[in-house]
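Quick notes on the structure that follows.
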Amino acid sequence: MTSDQLAAWCGSDGEFRVAARYWNGGFRFDMADHQIQVRMLDGAPREGDPGDTSGVVTLSGPREVWDQLISGKPPRFATDIAAALGIGLRLGGDRLTYWQYYPALQRAVELLRPAVPARQVIEDHAQFDSPVGRYIHVELGGDDHRIYFEEAGRGIPLLLQHTAGSHGIQWRHLFECPGITNHYRLIAYDLPFHGKSLPPVGPRWWEQAYRLTADQARALPVALVEALRLVRPVYMGCSVGGLLALDLALHHPGRFRAVIALEGALKIDGELRHLEGFSHPQVSNDTKARIMEGLMAPGAPTVYRKETAYAYASGWSPAFAGDLHYYFDDFDLRKARIDTSQTAVHILSGEYDYSAPTEAGRAAHDAIEGSTFQAMLELGHFPMSEDPERFLTHLLPLLDAIRQSS
């Protein structure tokens, strides 16, 4: 691949052009034995040296790292730029431009990969989907919150908590699965400040930075159990919600008959200060959304990967970084002792998740006596939305086992 070839490919690629709008500067990929350079002029790619001015980003690394990053099916921890920075890829140049034009940079990397046919998706559905949405008022921290939730099905209540920065739309595929809704009453809610759950009326919330704390995270599902009068419910959450599953089992033993932690762990490694683009006012939500794609399995259907990312792009900008306060800073169960005789604990981890990898899920399982663990091959950080068909092969037997043991 030459510089002029990549510049031409970028120029003819609709996704790259949209992501690179207004970009002046450029990028270079240093592959040890080979260099590719592309100039950007008001969003248009051109072959040539972009120089070392503002607006220029350099990605460099050994050939073996690049070979993984641009392979047709990247291996674990090499699915995208952000992941590869942890295995030897190096970032240089203008760091703000990197954050602002991450989606374009990642698309340029993808154009270097050999074409792999995407899995096709055909949805068989009725005119109306199953869930019905409502609002409920609950008191959290002394303030009245108007919480949005959707529900469908009958049987054992199953509370569903979305990931950081997103909302309950991630669970839409489960609502259409009779194997679940014939036995479970699904309730997917939006955290305050997420989706359709508005901020509380009264507090001057706009004058302070949003931060999700452990106390706040635990309070909402417990309040919903009480307000909806749920009897021995099951809780399932993913990412932030997956950590919360273990938190609830520890701090509210017996409140839930079982918790299911998707991408769960006892502690998440990472520091929010290294993700300054997640809260920088000059970086759009497009970047957060595109980075989320790298947490998904490369073989997941493209349409579902993009849909999952779309939910991130459409959220309130401070919500994602604020949720990560709980994810990185306020959650640590490494010294905790969870009693699984009070609440059953089930942990499922996606193979391609580099934020809460399978190793972290297995370590949590090893530390929690009586828990169960599944490593979900060919799935990533968002199993329920990135590849629902594959996810159900893991979830349905587990839900059947919970039901049979009740």
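The values are calculated or read from the model by the stated rules, or taken from the named source; none is laboratory data. Quick caveat: nothing in here was measured; it's all calculated off a predicted structure. Cβ sites come from the backbone with ideal geometry, for glycine too, and all protein chains shown count toward neighbours.
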ask   = If you go through region 387-406 one residue at a time, how many are within 17 Å of Ile122 (Cβ to Cβ) and either in a helix (DSSP H, G or I) or not assigned by TED's automatic domain parsing to the domain that holds His162 (or both)?
value = 4
ask   = Out of curiosity, is Glu276 surrounded by fewer than 24 Cβ atoms within 10 Å (Cβ to Cβ) and in contact with a helix residue (DSSP H, G or I) (Cβ under 9 Å, 6 or more places away or on another chain)?
value = yes
request  = Return the pairs, sorted by first residue and then second, in which the second residue is aromatic (Phe, Trp, Tyr) and outside any strand (DSSP E or B), the first residue lies in region 125-152 and is free of Cβ contacts under 8 Å to residues at least 40 places away in the same chain, the beta carbons are less than 6 Å apart, and the residues are 6+ apart or on different chains.
outcome  = Ala152/Phe175
ask   = If you go through region 87-119 one residue at a time, how many are surrounded by fewer than 17 Cβ atoms within 10 Å (Cβ to Cβ) and over 22 Å from Met292 (Cβ atoms)?
value = 6
message = Residues to consider are Gly88, Gly153, Gly141; find the one that is outside the structural domain of Ser12 (by TED's automatic domain parsing), small (Gly, Ala, Ser) and farther than 23 Å from His325 by Cα.
response = Gly153
Conditions (1) assigned to a helix (DSSP H, G or I); (2) farther than 19 Å from Leu158 by Cβ; number of the one not met by Leu243 = (2)
query = Looking at (1) crowded, with 22+ Cβ neighbours inside 10 Å; (2) closer than 21 Å to His137 by Cβ, which is the only condition Arg218 fails?
reply = (1)
task = Please find, within region 127-165, the residue that is surrounded by the most Cβ atoms within 10 Å (Cβ to Cβ) out of those that are hydroxyl-bearing (Ser, Thr, Tyr) and part of a loop (DSSP other than H, G, I, E, B).
result = Thr163
query = Where residues in region 357-371 are under 19 Å from the mean Cα position of the chain (by Cα) and farther than 17 Å from Pro298 by Cα, which of them is surrounded by the fewest Cβ atoms within 10 Å (Cβ to Cβ)?
reply = Glu359
ask   = Which residue, of Ala188, Ala219, Ala214, is touching a residue at least 12 places away in the same chain (Cβ under 8 Å), within 13 Å of Tyr326 (Cβ to Cβ) and in contact with a Leu (Cβ under 6 Å, 6 or more places away or on another chain)?
value = Ala219
message = Here is a check on your reading of the model: is Leu248 at pLDDT 95 or above, of a type outside the set (D, E, K, R) and in a helix (DSSP H, G or I)?
response = yes
message = Condition first: more than 15 Å from Cys177 (Cβ to Cβ) and within 22 Å of the chain's Cα centre (by Cα). Now tell me which residues in region 372-405 satisfy that.
response = Phe373, Gln374, Ala375, Met376, Leu377, Glu378, Leu379, Gly380, His381, Phe382, Glu386
